[in-house]
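Only one structure is covered here, and it is reproduced in the block below.
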Amino acid sequence: MVGKLYLVPTPIGNLEDITLRALRILKEVDVILAEDTRQSIKLLKHYEIEKTLIPYHMHNEHRELQRFVKMLEDGKNLALISDAGTPAISDPGFLIVRECLRNEIAVECLPGATAFVPALVNSGLPSDSFCFEGFLPEKKGRQTMLKKLCEEERTIIIYESPHRLLKTLQQFKEYFGDDRQVSVSRELTKMFEETVNGTITELIAHFSVKPVKGEIVMVIAGKKS
């Protein structure tokens, strides 16, 4: 019997935000592939799950891909988890899913936590139609992407690191104008969770005087048609 690959979402902050089904799968599989084993072990210890953990991240996924496919073909059931949220959403996962499907290996993605959904809802911006861009290019292609996004009429969602937040807001001001509505959510589900809504100019002023920490989701209003 060929094994199955499970993509298991993990909490983005609060450890209570994991489903009963996710816990069952993590207990039943033979091996867990983890983006950062040091981070994942905290979750597994919290729920008293003892499993073999193997690193699977952006630096080794090409090299180790066939090894994991062989394990699945040999009948092992594998779970893939990222540091937080749903695998393959701005995290490793796409390559192994594609390779499994090419080799007719079953893949099952469980529903669960992802950061951009609560950020979108908290923003108060239209959520009936939106585009998710993940992390913008840091250098090459960044200006091209910003020129494209400033014409986007749907609500835009991106991820950003705290040390680039102000720079990104200033670039938004340059390409989108002063008054475009933006929402910044950080530390979602954690003790110091915060969502700040306002114009680009207002958010630049806010975050210029307040140190920024934690994972960040930015939600930007689309261009008015």
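Bear in mind that the values in this text are calculations on the coordinates, not laboratory data. Just so it is clear, the model here is predicted, and its values are computed rather than measured. Using ideal geometry, Cβ is built from the backbone for each residue, glycine included, and neighbour counts are taken over all protein chains shown.
What the table shows:
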{"item": "Quarter of the Cα convex hull surface for the stretch 116-220, i.e. its orientation-mean projected area (nm²)", "result": "6.0 nm²"}
{"item": "Degrees, to the nearest 10: 37-46 long Cα axis against longest axis of the chain", "result": "80 degrees"}
{"item": "Close Lys-Lys pairs in the stretch 107-225, where close means Cα under 25 Å and separation is 8 or more or interchain", "result": "29"}
{"item": "Fraction of beta bridges assigned by DSSP in the chain that are antiparallel (%, nearest 5)", "result": "45 percent"}
{"item": "Low-density loop positions, GluC sites (Glu not before Pro), the stretch 82-172 - DSSP coil, at most 11 other Cβ in 10 Å", "result": "104, 138, 151"}
{"item": "Net charge dipole size for the chain [Lys, Arg +1 and Asp, Glu -1 on Cβ; Debye, nearest 20]", "result": "440 debye"}
{"item": "The stretch 144-214: chymotrypsin sites (Phe, Trp or Tyr not before Pro) in DSSP coil with no more than 14 other Cβ atoms inside 10 Å", "result": "192"}
{"item": "Selection from 216, 124, 114, by position along the positive dipole direction of the chain (Cβ)", "result": "216"}
{"item": "The chain: C-alpha gyration tensor shape, a/c 1.5 cut-off, then a/b vs b/c", "result": "prolate"}
{"item": "Low-density loop cleavage sites - trypsin sites (Lys or Arg not before Pro) in the stretch 177-225, where at most 15 other Cβ are within 10 Å (DSSP)", "result": "190, 213, 223, 224"}
{"item": "CD proxy at 222 nm, helix term only [per DSSP H run n ≥ 4: -39500 (n - 2.57); per residue of the chain; nearest 500]", "result": "-10000 deg cm²/dmol"}
